[in-house]
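Some notes on the structure that comes next.
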Amino acid sequence: METKHNRLEIRDFSLYYHRTKALEDISMSIPEQKVTAIIGPSGCGKSTLLRSINRMNELIDGVAVEGEIRLDGEDIYGRNIDVVELRRKVGMVFQRPNPFPKSIFENVAFGVRMGENGRAKDNLDQVVESSLKEAAIWDEVKDRLHRSAMELSGGQQQRVCIARALAVEPEVILMDEPASALDPIATAKIEELIFRLKEKYTIVIVTHNMQQAARVSDFTAFLMLGKLVEFGATDRMLTNPGNKLTEEYITGRFG
Amino acid sequence: MSLQRKKFRYLGESLIEGNIKATASLAIVVIFLILFFILRESLPIFFNPEVQQEITFRHFFSGIQWQPVSDNPRFSLWPIILGSLKVTLIALLFAVPVAVAAALYSSEFAGGRLKELIKPGVELLAGIPSVVLGFFALVVMASFLKDLFGWQIRLNAINAGLALGFAVIPAIYSLAEDAINAVPKSFREAALGLGATPWQSATKVVLPAALPGVSAAVLFGMGRAVGETMVVLMAAGNAPLFSFNPLESTRTMTATIAAELGEVVFGSGHYHALFFIGLVLFAVTFAINLASHALFEGLMTRLYGARK
C-alpha cells in the first residue's frame, strides 16, 4: 500500500486521570487521506486516545498528559496552541448523534457562524448545501432545512452531525464509534460515507466492531489496557496479526 | 405453579397508592376551596342589591381613584393595577438578567468549589423573610438611592421594584439553573468540538437549549412578584396614584388588601371590593401559570421537534 505524508504523529504519549495512567507511551503515525481505526476491548483507552487528538479530554477535571501529538509537525499540546483553532482543524463526530436543538440549517451553519471571521457568511446557504451533500443527507432534508434537527431519525441525525463537522472545513475528522447507536442500514450508510470522505479528509475512527474496522479502515491500531499493542495496515493485521494478543482479540477469544 | 392470584397479595401496594392519591387530591381540593371562598366574598358586588347600593362592578373600572374610606368613596382599580404592573416590571427588569446570568455562570463557568458556594448562597437569599427585605428597602436602600440619584420621593416604584427583585432572584435563579444544568453534556462537547469558545457554547447552544425551562423560570418569578406583599407594602410608599412615573410612590393590589383588610367593616362594600381584588390577583396568577405552560410547550416543540 502506498504511504502518504503523515498528518498526525503521536509520540510517547501518556495520559493520566488523577493518578491513574489511562494511556501509556503511545507512538503511532496517522497518514493523511486514510482511515485509521482504533480498536480494543472496552476501557482500553481508545476513546481517550481519540479525544486527545482535539484536546477534548481537557473538559474533564484531573487530566494530565505527557509526550506529544503533532498535527502537520506542530505539537498540539504546545504552549501557544489555540485550542479553539485546533478543534476547527480537527473535527469530531460523537458516539450518540448530538444535533443541537436548532433547525437543520442552523446546525450545519453553527461552526461557520462561530468562526472569528471565517469565510464570508453570505455564502452560508451554499456552505450548508454542499456540506449536507457531502454527508449524503441533502436529498432527505432539503425540503425541511428549517425544521428542528431533533425530528430526524438517529441515522439522519448522525449524518447531519457529520455535515456540521464538514462545514468548518477540518483537515482531520475524529469519529467515536459513530454507528454504535444506529441500526444496520443507517450503519451501512455511514460506512459508505466514511469511505468517500477519506478522499478529502484524514479520518480516525474508534470502533469496537472488528468487521467495521475491516470494512472502512486502511490502518488499525490495537489498544489494550492503555497500551498500543500493534499498529499496521488493516488487511495485514486482521489476516495475519503480528502479536498473540491481537490475534486472540480479533478471533474473539476475549472482548 | 399456579397463576391464581393470592388473596391480599397486593393489599399493601393498593393502600399506599390510595394514600398518595388522597394526598394529591387534597392539594387540589384546598385550591378550589380558596377559590370558592374568594368568589363567595366578592360576588355580592354582582348579585346583592344591598351591596350594590354602595358599590357595583362599574366602580372598579371608572375613574382613576382608589379612595374607599372617604365621604364619597371611589373604588377604581386602575391605580393599584398599574402599581402592581409597574413594580412587577421593574422587579423583573432587574431580577431576570441578574438571576439568569448567575445561573449561566454557576453552571457553565464556575469551578467546582465556587459553584458549590454560589448555588446555596443564592438559595439562602430565599430564606430571608420578606419583612426583613422590606425593612431594608424602607430604611436603608431608599435613603441610599435617594441620595445617590437625588430623587424627590424616597419611597417609589423603583425602590420597591428593586427590593422585590431581590425577593424573586432566588426563585428564578434556582429554576433557571436547574434548566441549564439539565442541558445534555453532549451539546457542549459538540459545540466545543466545532471550535466554539466556551462563551459561544454557553450563549449560543446551552442557553438557547435551556430556553423552555428558563422562560418558565422567568414567568414563575413574575407570578411571585405579582403576589409578593410585604416588600411592596413597606417599600413603595403606599400611595395609590394613577401614574406611569416610576419615581412616584405607588401601591400594589396585594399591599392594598394587606393594608386595608384588617380595618375594614365586615360585609361593607369596601370589604367585598377587597375580595374582588383578591379575585383579580387569583386570575392574574392563574393566567401567568397558563402562559408559562404554553410558552414551555411551544418552545419545546420549536427546539426539539414535534413529540412523537
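Would you pick out the residues in segment A:202-234 that are of a type outside the set (S, T, N, Q), in a helix (DSSP H, G or I), touching a residue at least 40 places away in the same chain (Cβ under 8 Å) and in contact with an Asp or Glu (Cβ under 9 Å, 6 or more places away or on another chain)?
Once the filter is applied, which keeps residues that are of a type outside the set (S, T, N, Q), in a helix (DSSP H, G or I), touching a residue at least 40 places away in the same chain (Cβ under 8 Å) and in contact with an Asp or Glu (Cβ under 9 Å, 6 or more places away or on another chain), segment A:202-234 yields only A:VAL216.
Which one of these does B:ILE153 not meet: (1) more than 14 Å from chain A (Cβ to nearest Cβ); (2) farther than 19 Å from B:PRO246 by Cα; (3) assigned to a loop (DSSP other than H, G, I, E, B)?
(2)
For the subset of segment B:101-139 comprising residues that are among the acidic types (Asp, Glu) and touching a residue at least 40 places away in the same chain (Cβ under 8 Å), which member is surrounded by the most Cβ atoms within 10 Å (Cβ to Cβ)?
Here the residue is B:GLU108.
Restricting attention to segment B:76-134, and to residues there that are outside any helix (DSSP H, G or I) and farther than 23 Å from B:MET234 by Cβ, which single residue is modelled with the highest pLDDT? Steps first, please.
If we filter segment B:76-134 for residues that are outside any helix (DSSP H, G or I), which is where we start, we get B:76-77, B:110-111, B:126-129.
From what is left, the residues that are farther than 23 Å from B:MET234 by Cβ are B:76, B:110-111.
On the way: B:SER76: 93, B:ALA110: 89, B:GLY111: 81.
Looking at residues that are outside any helix (DSSP H, G or I) and farther than 23 Å from B:MET234 by Cβ, I get B:SER76.
Give segment A:11-63 a look and list any residue that's of a type in the set (Asp, Glu) and at negative phi, or say none.
Those that are of a type in the set (Asp, Glu) and at negative phi: A:GLU24, A:GLU32, A:GLU58, A:ASP61.
Enumerate the pairs (first residue in segment B:63-90 and in the same structural domain as B:VAL226 (by TED's automatic domain parsing); second residue anywhere and surrounded by fewer than 16 Cβ atoms within 10 Å (Cβ to Cβ) and of a type in the set (Phe, Trp, Tyr)) with beta-carbon separation below 9 Å, excluding pairs fewer than 6 apart on the same chain, so at least 6 apart or on different chains.
Within 9 Å, the pairs are B:SER76/B:PHE61; B:LEU77/B:PHE61; B:TRP78/B:PHE61; B:LEU82/B:PHE244; B:LYS86/B:PHE244.
Please enumerate the residues belonging to segment A:78-110 that are in a helix (DSSP H, G or I), of a type in the set (Lys, Arg) and either within 7 Å of chain B (Cβ to nearest Cβ) or closer than 14 Å to B:GLU189 by Cα (or both).
A:ARG87, A:ARG88
Return the pairs, sorted by first residue and then second, in which the second residue is among the hydroxyl-bearing types (Ser, Thr, Tyr) and part of a helix (DSSP H, G or I), the first residue lies in segment B:182-204 and is facing chain A (nearest Cβ under 7 Å), the beta carbons are less than 7 Å apart, and the residues are 6+ apart or on different chains.
What qualifies is B:LEU192/B:SER201.
Look at segment A:149-184 and say how many of its residues are at the interface with chain B (Cβ under 10 Å from one of its Cβ atoms), touching a Lys or Arg at 6+ places or on another chain (Cβ under 7 Å) and not aliphatic (A, V, I, L, M).
Going through segment A:149-184 one residue at a time, the tally reaches 1.
Anything in segment B:177-229 that is in a loop (DSSP other than H, G, I, E, B), farther than 21 Å from B:VAL87 by Cβ and of a type in the set (Val, Ile, Thr)? List them, or say none.
Result: B:VAL183, B:THR197.
Which one of the conditions (1) farther than 19 Å from B:GLY193 by Cα; (2) within 11 Å of chain B (Cβ to nearest Cβ); (3) in a helix (DSSP H, G or I) does A:ARG144 fail to meet, given that it meets all the rest?
With respect to (1) farther than 19 Å from B:GLY193 by Cα; (2) within 11 Å of chain B (Cβ to nearest Cβ); (3) in a helix (DSSP H, G or I), A:ARG144 is out only on (3).
Condition check ((1) surrounded by 10 or more Cβ atoms within 10 Å (Cβ to Cβ); (2) closer than 30 Å to B:GLY267 by Cα) across all residues:
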{"site": "B:LEU11", "(1), (2)": "no, no"}
{"site": "B:ALA27", "(1), (2)": "no, yes"}
{"site": "B:LEU33", "(1), (2)": "yes, yes"}
{"site": "B:ASN48", "(1), (2)": "yes, yes"}
{"site": "B:GLN52", "(1), (2)": "yes, yes"}
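The values are calculated or read from the model by the stated rules, or taken from the named source; none is laboratory data. Because the structure is a prediction, the values reported are computed rather than measured. Neighbour counts are summed over all protein chains in view; Cβ atoms, including those assigned to glycine, are modelled from backbone coordinates with ideal geometry.
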